[in-house]
């Protein structure tokens, strides 16, 4: 996840607020996206007057799914680049192990009930591509992959840190400085295309597994390398803003047409060899190219416009940026229950989507406000810092008596435990209601 760049060094780039803002916005969109996707079954029997919105909805969901996670992995790579500027490889690995590993274990064994089948859960953690039905960590596959990527790429990160003007960084800068921004537009997209051509035919891409595993690894690596080039990257973003804004909608249209008209099943998701189709053909290679360019150009589009309009501080940014990780961890537990309730009540899909998204947004912020005040809950919910950070928050910063502070601390830990129990109850309740 994003680490703040150092504030005092004069030779390093200043903090990039646009990257933090994008991280916040994309995770907020993730909450909406998951609610929209997992409640699609409620479109059946919905008010026919709302059917006019169905086609745009499917377009938005389909297109967004092609780039939203890609952009988040790019941002995570950028965060690692900022982090490595003031950390050794050993420190980085230890911090990633704590920041990503502890929430992953907590989710696996508590939030997803792995404690009742510890052997199966532990085996799932060490199984390569277990499949979406057997992942013991659920939607936290994102941080599972991120932890693996961080370990795999640490030697390269360490090399770049020791050689900030070495071959790797010079090569990246050379690519970024190719005329008209052609380097940043074409080379990463071509590498992604090669990955898709080589690996997509053999397995269905789902939640970061099979051909998606190296794909997101590449996005993570691209994010790191781009930030390592410092101002060369941000200058080229300004140069490509107009052409990217023109080309991205065209690629989105091409992607949609290809995904709809192709006679090969799962042409965008992969695994068509299992359906009896040839691994390689003109159609599959064209589809891989369109998909890869489409996703990469979307990333460039949002980063380009964000660098123009979002690179500014805000009193809310630090708060929202801190809230991202814990809200990501708990949001799925809060999503399924309102979907199940609205389904029983017969609430229309679009009304449920609007109300449900708001409820989930409020719910995750409430959870964040609780766990950030419980010292021992912070680590397992992905928050940095311990007692010293809690002491800065209300009501601790208003209490002078040590005894009262202890009572309040106990109260928030009880609240955090109760909140966790409620999250489990909501997940169980959604399953029971959904099975009725």
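What to note about this one:
- Label zone (residue 285, point 7 Å along Cα-to-C-beta; backbone nitrogen cut-off 12 Å) within segment 179-195: 194.
- Once the Cα-Cα distance is subtracted from the 0.36 nm per residue extended length, the residue 366 to residue 341 segment shows a gain of 7.0 nm.
- With each label modelled as a point 7 angstrom along the Cα→C-beta vector, the residue 399-residue 95 pair spans 3.0 nm.
- Taking the chain as a Gaussian network of alpha-carbon nodes connected by springs under 10 Å, the highest mean-square fluctuation of the residues 412, 256, 53 belongs to 53.
- With R₀ set to 22 Å, the beta-carbon distance separating residue 262 from residue 61 gives a calculated FRET efficiency near 0.75.
- Max mean-square fluctuation residue, GNM over the chain, Cα-Cα springs under 10 Å, options 406, 74, 24: 406
- Distance between the 7 Å Cα→Cβ label points at residue 384 and residue 418: 3.2 nm.
- Prolate/oblate/rounded call for the chain, Cα gyration tensor, a/c under 1.5 rounded: oblate
- Within the listed set 267, 358, 399, the Gaussian network model of the chain (springs between alpha-carbon atoms below 10 Å) gives the highest mean-square fluctuation for 399.
- Backbone N within segment 227-262 under 18 Å of label point (7 Å from residue 182 Cα along the Cβ vector): 236-237, 239-244, 247
- Cα shape, segment 223-379, gyration tensor, a/c 1.5 rule: oblate
- From helices alone, the chain scores -23000 deg cm²/dmol at 222 nm; the rule is -39500 (n - 2.57) for each run of n ≥ 4 DSSP H residues, then divide by the residue total.
- Contact order for the chain, expressed relative to its length and based on alpha carbon pairs under 8 Å spaced 6+ residues apart, stands at 23 percent.
- Residues of segment 375-418 with amide N under 18 Å of a point placed 7 Å along Cα→Cβ from residue 110: 375-387, 390, 409-418
- Spacing of the two label points (7 Å from each Cα toward its C-beta) at residue 391 and residue 428, in nm: 3.9 nm
- In terms of its alpha-carbon gyration tensor, segment 178-260 comes out oblate; a/c meets the 1.5 threshold, while b/c is at least as large as a/b.
- Between residue 354 and residue 376, the contour length at 0.36 nm per residue exceeds the Cα-Cα span by 4.5 nm.
Values in this text are rule-based calculations from the coordinates and carry no lab data. If you're wondering where the values come from, they're calculated on a predicted model, not measured in any experiment. Please note: Cβ atoms are built from the backbone with ideal geometry, for glycine as well, and neighbour counts cover all protein chains shown.
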